[in-house]
Amino acid sequence: MSSSMAAGARVALAIGVIKWVLIAVAIIAAGMAILLPLLDPTTDYTLAVGIASAVGCLVWILFIWVLFGWFEHTLTALVTIARNTTPQFPVTYDVPPASYDQPRS
């Protein structure tokens, strides 16, 4: 595997790791948005704001999952295509094919 294919695979892996870290942070934020108003409700609207914030976090999670998943999948597919279409032997074009060396009759 060439270095550019290996680099592409590492970038795809990094995108996947970043995706899951962002999703974990958003899940923690959604949990905090629900739990904090339940622990200390100061007004009647505190719970509604907490639920709205949690729903916003869930929408953000879906957005992150789709967008970063698409980036990761596309880059992984491109690396796979490059890996499968790379010649297995070094191609040299300085020597003409054997058919040109034969004498004409």
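Here are a few things to note about the model shown:
Every residue, every condition in (1) modelled with pLDDT of 90 or more; (2) of a type in the set (Asp, Glu); (3) within 22 Å of the chain's Cα centre (by Cα), yes or no:
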site: Ile28; (1), (2), (3): yes, no, yes
site: Ile34; (1), (2), (3): no, no, no
site: Leu39; (1), (2), (3): no, no, no
site: Val55; (1), (2), (3): yes, no, no
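- Members of the range 3-58 that are of a type outside the set (A, V, I, L, M), open to solvent by 50 Å² or more (accessible area, probe 1.4 Å) and in contact (Cβ under 8 Å) with a residue 40 or more places away in the chain: Ser4
- Total residues in the range 1-42 satisfying the condition of being β-branched (Val, Ile, Thr) and over 14 Å from Trp65 (Cα atoms): the figure is 4.
- Verdict on Phe89 being under 30 Å from Ala6 (Cβ atoms), touching a helix residue (DSSP H, G or I) at 6+ places or on another chain (Cβ under 7 Å) and of a type outside the set (A, V, I, L, M): no
The values are calculated or read from the model by the stated rules, or taken from the named source; none is laboratory data. The structure presented is a predicted model; accordingly, all values stated were derived computationally and were not measured. Because the Cβ atoms are built from the backbone with ideal geometry, glycine has one as well, and the counts that use them run over all protein chains shown. These area figures cover heavy atoms from the full protein model, side chains too; ligands, DNA and RNA do not enter into them. Shrake-Rupley method; radii C 1.70, N 1.55, O 1.52, S 1.80 Å.
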